[in-house]
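The structure appears right after this line, and notes come after that.
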Amino acid sequence: MKRRAQSNLSLAAMAVLMASAFTVSMGFGVVLPLLPFLIERLLGGGAEAGQISRATGLLTGLYMLSLFLFAPMWGRLSDRYGRRVVLLIGLIGFGATMLVFAFVESLVAVYAERVLSGLFAAAVTPVALAAIGDLAATEEARARRLTFVSLAGISGFLLGPMLGVFIARAGADMVATADPMASLTFPLAATAVLAFAIAGAAVFALPRTRRQGRLASPDPTVSPTSRWLIPNLLILGFIVAAGVGVFEVGLALRGKQELGMTPTQIALMFTECSLVMLVVQALVFSPWVKPSTTRWLIAPALAVLGIGLFLLPRATDFNLMLAVIGAVAASAGILAPILTYWTSSKAGEAQGAQLGKQTAAASLGAAVGSAAGGLLYDVAWLPDASFLIMAAVTGLGVVLSLGLPRMLGQRRPADSSGAPRLAN
């Protein structure tokens with residue numbers, strides 16, 4: 001059969017998809033380095049370090065848990081009703097929740113906002129990725145475009161922490177207050193305005209798709225020996241995201257409580273991590289690397305991730321700490337887009353449903369990792385418990401990934417009509 005032709009995905013549409021992923025990631029990055037300080041202010045001056053660490057981990061994990069619960073639903077809805085309408089709901093809802101977050105003064109309200117923000121964010125990135133999967137004429141085009149969206153998301157997380165701190169400080173100067181945390185309104189409101197603007201651009205840039213008569217189904221051409229291929233990819237996505245969740249929360253708490261860093265210094269560490277991830281993704285999915293060869297990188301990158309998590313709490317020397325952080329960021333930056341690419345490549349017509357599951361698995365992993373990073377951070381019975389446990393789980397992921405290159409290398413017939421039809 002003849003492979004579907006290249007669809008008319010314009011540069012404007014591609015820019016909107018990238019900007020959508022950028023905005024959601026930036027919203028998460030804006031909040032992360034400020035969250036421990038915001039919790040401390042809401043709990044009062046007498047708050048203990050353990051209370052702050054637990055609340056930080058739970059709030060970060062709750063956001064990811066919400067992504068896990070709702071991403072598959074949004075993905076299936078986008079398979080049936082089209083990508084644009086679901087993406088618009090996600091962007092508008094995300095902007096509204098961030099705007100509400102800018103004015104909350106209760107810790108209970110913060111918990112509620114994180115759930116709602118995750119609900120709408122779940123409709124953005126997987127649907128943007130599914131739109132790319134629909135319209136890819138070749139595997140090289142699929143890999144590059146998925147990487148562009150992934151790079152946009154990393155760029156948002158890279159800029160988010162620093163933008164959050166700088167805008168909060170500028171806001172504090174504007175309202176003449178000595179407490180920059182009191183001006184958290186400004187970066188959150190700015191994120192909301194950006195989400196609304198991207199939603200407006202999506203109305204004009206993204207093509208409409210006709211409603212499908214039935215829900216799309218996974219690729220039926222995958223051989224019986226590869227029946228567990230997608231589940232394996234989902235499990236590995238969970239492990240990688242859990243490792244990153246432990247890493248992020250542990251890094252923020254260690255910077256504040258053990259190393260006495262300021263919000264700016266903590267944000268700089270996250271910026272370094274994101275910059276490393278940005279560079280390695282650009283290299284892995286560059287025009288000089290065939291997408292099919294990326295399957296051989298999964299097991300080695302998982303091994304590096306596990307070793308990095310084990311060494312991170314033991315890195316007391318600054319240069320060694322930078323090297324370990326770079327290794328963790330590089331391995332995670334390699335693994336996340338590779339797993340997304342292969343999920344999309346093997347999803348067949350069910351791009352929204354399968355990429356929704358992939359986002360859900362990664363979000364659940366991030367939720368578990370973030371919660372563990374906070375709850376197990378200062379336990380007395382096992383120092384550095386979260387890092388040690390996650391390093392062991394990552395080792396199991398290495399074993400699970402050893403058979404993937406063979407399964408991923410199996411060829412399947414080209415799709416005949418996987419993309420939604422464009423409306424006139």
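The values are calculated or read from the model by the stated rules, or taken from the named source; none is laboratory data. In this text, all values refer to a predicted model and were calculated from it rather than measured experimentally. Note: ideal-geometry Cβ built from the backbone for every residue, glycine included; neighbour counts use all protein chains shown. Keep in mind that these areas ignore ligands, DNA and RNA; they rest on the heavy atoms of the full protein, side chains included. Shrake-Rupley method; radii C 1.70, N 1.55, O 1.52, S 1.80 Å.
For Ala96 and Ala109 in the same chain, what is the full-extension length gain: residue separation times 0.36 nm, less their Cα-Cα distance, in nm? If you can, show how the numbers build up before the last one.
Working: separation 13, 0.36 × 13 = 4.68 nm, distance 1.42 nm.
Stretched out fully, the Ala96 to Ala109 stretch lengthens by 3.3 nm.
For Ala201 and Trp228, the FRET efficiency from 1/(1 + (r/R0)^6), where r spans their Cβ atoms and R0 equals 45 Å, is about 0.65. Counted by Cβ distance under 12 Å from Leu404, the other residues give a net charge of +3, where Lys and Arg count +1 and Asp and Glu count -1.
Other residues within the sphere of radius under 13 Å centred on the Cβ of Ala128, judged by their own Cβ, net out at +2 (K and R +1, D and E -1). Calculated from the alpha-carbon coordinates, region 10-207 shows an Rg and a Dmax of 17.4, 59 Å respectively. Neighbours of Leu43, meaning other residues whose beta-carbon lies under 14 angstrom from its beta-carbon, give a summed charge of -1 when Lys and Arg score +1 and Asp and Glu score -1.
Pairs of Cα atoms nearer than 8 Å and 6+ residues apart set the relative contact order; for region 227-409 it is 45 percent. Surface composition of region 227-409: carbon plus sulfur atoms hold 73% of the accessible area, using a 1.4 angstrom probe and ignoring ligands, DNA and RNA.
Using the heavy atoms of the protein chains alone and a 1.4 angstrom probe, what is the accessible area of region 10-207 per residue in square angstrom? Mind showing how you got there, number by number?
Values: 6940 Å² over 198 residues.
For region 10-207, the solvent-accessible area averages 35 Å² per residue.
Solvent exposure of region 227-409 amounts to 37 Å² per residue of accessible area, where only protein heavy atoms count and the probe is 1.4 Å.
Between Ala15 and Lys290, the modelled label-to-label distance comes to 3.5 nm, taking each label 7 Å out from Cα in the direction of the beta carbon.
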